[in-house]
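Input: a single structure, listed below in structure tokens.
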Amino acid sequence: MIRAARRVDDLFESVIRSITVHALSLGAINLGQGSPDFDPPEELVEAAKRALTEGYHQYVPTWGLPELRRAIADKTERFYGFRPDPDSEITVTCGVTEGVIASLIGVVDQGERVVILEPAHENYHAGAIFAGAEPIWLPLRPPDYRIDPEELERAFRKPEVRAFIFNTPHNPSGRVFSREELDAIAELCIRYGVVAISDEIYEHMVYDDHEHIPIATLPGMSDRTITISGLSKSYSVTGWRVGYAIASAPLTEGLRKIHDFTTICSPSPLQRAAVAAIELGDDYYDWLKRYYAERREKMMTILAGAGFDAPTPEGAYYTVAEFTAISEAFGLTDDDDAFAHWLIDEVGIGSVPASSFYRSDPSLGRGRVRFAFPKRDETLCEVERRFEKLRDAMR
């Protein structure tokens with residue numbers, strides 16, 4: 001009998017990407033996928049053009065261009081006070097997605113367990129399955145999405161836990177985990193000999209008085225943490241697929257073996273251009289934070305006016321909005337998948353059902369959808385106009 005491998009039986013098409021296809025097919029404004037609708041900084045575009053004309057068309061060193069790895073080391077020291085070795089502790093990957101999967105396969109043995117903080121991006125589950133590991137789901141509950149210390153410790157106490165993977169600033173909730181929460185995670189990682197895999201792709205999108213603290217900077221964590229980030233979000237180049245993983249030499253050796261035999265190298269001209277992004281000055285990051293804080297404020301006002309109940313995100317560029325008042329006004333249920341399709345079909349706005357981010361208990365996402373706000377003023381004005389249908393029904 002011809003069939004696919006049983007290990008993929010529990011994997012399904014990405015909800016985010018499938019609903020994006022549906023939204024685009026109907027001309028909806030896609031607030032589902034986290035993709036900016038504006039161009040990256042001009043310096044990056046010009047750097048990419050130069051790289052093409054200068055002949056960056058062939059393979060580059062598998063671990064990444066040396067000048068890019070040096071730039072990443074410099075930037076890490078500049079923002080967080082420690083400098084990883086660019087030769088033995090930095091690997092350039094094909095986006096954060098590959099970085100996550102290479103890390104899981106490279107450090108987790110078949111039959112071991114991975115604690116995954118949820119709601120979580122879909123590829124965390126896929127990476128655990130590819131590694132032959134058993135996921136242990138640790139849910140954050142709406143609307144506050146706070147870590148429960150007792151549940152956290154119970155998860156770590158299970159036998160054969162090898163890794164803990166999480167995302168801060170957090171997608172989809174918008175949480176920025178506090179020093180107290182990170183200390184609790186670090187203490188358990190050290191006590192139980194667990195590797196922390198920290199997805200920090202939204203590191204520069206932190207608002208108000210919140211602070212992004214890489215868990216690798218906490219005492220005892222530098223040797224047992226894989227920190228993953230990249231260009232996609234901070235520089236508005238989600239299609240470039242340039243990410244990187246920072247880890248101690250033994251952990252780097254493991255993830256590099258997976259990277260080497262899967263993707264070989266990230267696109268060489270875009271790696272060269274990435275140096276220009278990584279070396280941007282403080283004025284760029286100050287602008288980025290202000291700009292996204294403005295997007296956040298506009299989005300929260302629009303959602304409240306349309307009848308959604310959404311917590312103000314502390315970081316990243318998403319919010320998970322409750323739609324109970326809208327479903328009652330239109331005679332709908334709390335089925336978030338049905339609501340997300342209704343919102344596309346009837347209002348022309350794309351979102352993501354929140355239940356798709358939960359594996360242990362999808363009901364935690366019912367009645368809620370995720371919206372992304374990396375959009376131009378013109379786009380957000382059109383979103384507000386399309387939501388007039390909802391506002392009229394709520395009166």
Counting only residues that are over 24 Å from Phe79 (Cβ atoms) and either open to solvent by 20 Å² or more (accessible area, probe 1.4 Å) or touching a strand residue (DSSP E or B) at 6+ places or on another chain (Cβ under 9 Å) (or both), region 260-286 contains a total of 8
Test: residue in region 47-61 that is open to solvent by 10 Å² or more (accessible area, probe 1.4 Å), hydroxyl-bearing (Ser, Thr, Tyr), part of a loop (DSSP other than H, G, I, E, B) and within 14 Å of Ser268 (Cα to Cα): yes
Cβ-Cβ below 6 Å, separation at least six or inter-chain, first residue in region 339-357 and closer than 22 Å to Ala120 by Cβ, second assigned to a strand (DSSP E or B) and open to solvent by 10 Å² or more (accessible area, probe 1.4 Å): which pairs? Gly350/Asn30; Ala354/Arg368
Determine, yes or no, whether Gly99 is closer than 18 Å to Ala196 by Cα and either open to solvent by 60 Å² or more (accessible area, probe 1.4 Å) or under 17 Å from the mean Cα position of the chain (by Cα) (or both). yes
Check whether at least one residue in region 299-306 is surrounded by 15 or more Cβ atoms within 10 Å (Cβ to Cβ) and either among the aromatic types (Phe, Trp, Tyr) or farther than 19 Å from Leu380 by Cβ (or both), and report yes or no. no
Six or more apart or on different chains, Cβ atoms under 8 Å: show the pairs whose first residue is in region 272-292 and within 12 Å of His204 (Cβ to Cβ) and whose second is buried (at least 19 other Cβ atoms within 10 Å of the Cβ) and β-branched (Val, Ile, Thr). Ala277/Val237; Ile278/Ile72; Lys289/Val206
If you check Ile116 against the conditions, is it outside any strand (DSSP E or B) and in contact (Cβ under 8 Å) with a residue 40 or more places away in the chain? no
Residue list for region 66-88, filter: of a type outside the set (Gly, Ala, Ser) and surrounded by 20 or more Cβ atoms within 10 Å (Cβ to Cβ): Leu68, Arg69, Ile72, Thr76, Pro84, Pro86
Among the residues of region 46-71, write down those that are in contact (Cβ under 8 Å) with a residue 40 or more places away in the chain and of a type in the set (Val, Ile, Thr). Val60, Thr62
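The values are calculated or read from the model by the stated rules, or taken from the named source; none is laboratory data. It should be emphasised that the depicted structure is a prediction, and the values quoted were computed from it without experimental measurement. Note that each Cβ is placed from the backbone with ideal geometry, even for glycine, and that neighbours are counted across all protein chains shown. Heavy atoms of the whole protein, side chains included, go into the accessibility calculation; ligands, DNA and RNA do not. Shrake-Rupley method; radii C 1.70, N 1.55, O 1.52, S 1.80 Å.
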